[in-house]
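Q: Once you've had a glance at the structure underneath, I'll fire off some questions.
Read-outs throughout are calculated quantities, based only on the coordinates presented, and are distinct from any laboratory measurement. In this text the structure is predicted, and so the values were computed from the model without any measurement. Note that we place each Cβ from the backbone using ideal geometry, even for glycine, and neighbour counts take in every protein chain shown.
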Amino acid sequence: MTASLTLHSTLIRRGDPATDSLRRALAEVPTGEYALLEAAIAWRNFRPAQTRPSRRGGARAQTPPTGPRYLPLAEVDDEQVAARLCRLLSELAWAVVTRPEPEPGSTRRRLRVEVPAPVYHLVVRALSGALRHARRELDADVAGSGAGVAAATWRMGLLIGGLGPSRDAICLRTGASGTADLLVSAAAVLGVSATVDEERGGPAVLVCQAGDVRRLLNAAVTPALVR
C-alpha cells in the first residue's frame, strides 16, 4: 500500500508523460460494484442530443422495426474513455465502439459508444438510477458508505476531464453542472476541498492543494484504499 501511495504522488510531479500513465491506470482499474455509476457519469457528459429520450416518450419509447440496430449512448474523442465505457456496460448490454464520419468541414474524428436499440432505454434508465443513487449515498455518507461511490465518481471524472493546469492542482472541465456538483460532494466525502468555477467556458471543478490532489488520485486509482 505504501508503494502505491508513492507511485501516485510521483505521477503528478512529472508532467505530461506522468499524466498519460495516470490515465492508463484509471482506465485499467477493474470494474466493480460502481461500474454503472462510472458509466453514468461518462454518459451524462457525452450523450448525443439526438438520442436523448423525449419527455413524451420517456423510457417506454420504442425503436421502429426499420430503425438502426444500435443507438449511440456517448460520443467521445478518447479511446481510453470509449474502451472503459464499453467495459463498464458489459454486464448491462453489449456495447460497441464505432467511428462515424466527420461532420462536413471538420477533421475531428469521434468515437461513438453504441448499445442495441431494443435495450437503449433500459440502459438509460439504469444509468439515470445510478446517478440518483450516488447522490443519495454522497449526501448521507452513513458510516462512510459513500467512500466507494466518491472514489468511483472521481475515477471517471479524472479520466474524462484530465489534470491541470499545474502538477499540484486539478481542473476538470465536466461539461455538465450536475457532474460538477457530484464531484464536489464526492471530494467532501473523501476529505478534500473542491470548488466549481463557471466563469471560464463551462463548469470546472478545482482542487488546489497538493495533498488533496494526492488523496483523490490514490482513491481513484486504488479502490481498496477506500473500502
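Q: Check Asp78: other-chain or 5+ apart residues with amide H under 5 Å from its amide H, H built from backbone geometry?
A: Excluding prolines and chain starts, which carry no amide H, the hits are Leu111.
Q: Sorting Trp43, Trp94, Trp154 on the 10 Å Cβ count, fewest up front, what's the list?
A: Sorted ascending by nearby Cβ count, the order is Trp94, Trp43, Trp154.
Q: At a Förster radius of 30 Å, what calculated FRET efficiency corresponds to the Cβ-Cβ distance of His133 and Val196, to the nearest 0.05? Working shown, then result.
A: On the way: r = 22 Å, r/R0 = 0.73.
With R0 = 30 Å, the Cβ-Cβ based efficiency is 0.85.
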